[in-house]
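Everything below concerns the one structure shown next.
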Amino acid sequence: MTTSNDVHIPIPKPETEQNCQEHDETEFDYSQRAQWLRAAVLGANDGHGPYGLCRASCRGMCSMAIGEFVSVYSQLDIEVAQMKRERRKSGDKEETETDNLPNPVQAAIASALAFTLGAIVPLLAAAFIRDHKVRLGVVVVAVSVALVVFGGVGAVLGRTPVVKSGTRVVVGGWMAMAITYGLTKLIGSSGLQM
């Protein structure tokens, strides 16, 4: 029985069924990696870009980790409550397996570490270059390479299509850099005070 609040999200199938059959994937549930891997990709992506140069600090890392912890903990609360409702509805007295539940601490650590790595890339790329235009170009290239690496590693760890996942991370990172750079220029040039 469905209600108007039910949301159905289609899950895409792997690129080829043969690739999935080459590895015995029934031994390991890769969805267990989803929470910390998602947090790591988000943290790495947020650490990049011109604004990431200013935020590559303890404050940025803590902000990402705490935000991830709170977010994933909310998801955990919802999933646990849903499991309890389903158990009550079915009359099942046994405890449901909780291995696949999200881990807020793991997600927070992954996000903090990935943010730090993501922020170090543009800092190192720009550290010894004085000319603004050259520095900007070097940072964009270095960050683009890092995004490809982060996207590829995330895809391999999650056993998802590397090109598709890597492209999504790179395009998302470029969009974040462009928007952040544009807003920084707009706010800086108009003299707006925050």
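Does Ile129 count as farther than 22 Å from Ala107 by Cα and in a loop (DSSP other than H, G, I, E, B)?
Working: farther than 22 Å from Ala107 by Cα: yes; in a loop (DSSP other than H, G, I, E, B): yes.
Considered against the rule, which asks whether it is farther than 22 Å from Ala107 by Cα and in a loop (DSSP other than H, G, I, E, B), Ile129 comes out as yes.
The set of residues from region 134-157 being surrounded by fewer than 17 Cβ atoms within 10 Å (Cβ to Cβ) and within 19 Å of the chain's Cα centre (by Cα) comprises Ser144, Val145, Val148, Val149, Gly152, Val156, Leu157. Number of residues in region 104-126 that are over 20 Å from Arg59 (Cα atoms) and either in contact (Cβ under 8 Å) with a residue 60 or more places away in the chain or acidic (Asp, Glu) (or both): the value is 1. Remark: pairs (first residue in region 91-103, modelled with pLDDT of 70 or more; second residue in a loop (DSSP other than H, G, I, E, B); Cβ separation under 9 Å; 6+ apart in sequence or on different chains) = Asp99/Asp29; Asn100/Asp29. Residue by residue through region 81-119, note down the ones that are among the β-branched types (Val, Ile, Thr), exposed (fewer than 13 other Cβ atoms within 10 Å of the Cβ) and part of a helix (DSSP H, G or I). Across region 81-119, there are no qualifying residues.
Close contacts from region 127-151, counting a first residue that is over 18 Å from Gly182 (Cα atoms) and a second that is of a type in the set (Ser, Thr, Tyr), with Cβ to Cβ under 6 Å and a gap of 6+ residues or different chains, come to Gly151/Ser165. Checked against (1) closer than 30 Å to Lys84 by Cα; (2) within 20 Å of the chain's Cα centre (by Cα); (3) not hydrophobic (A, V, I, L, M, F, W, C), Thr98 meets all criteria but (2). The selection criterion, being closer than 23 Å to Ile66 by Cα and in a helix (DSSP H, G or I), does not hold for Ala146.
The values are calculated or read from the model by the stated rules, or taken from the named source; none is laboratory data. This is a predicted model, so every value here is computed, not measured. When we count neighbours, we look across all protein chains shown, and the Cβ atoms used for this are built from the backbone with ideal geometry, even at glycine.
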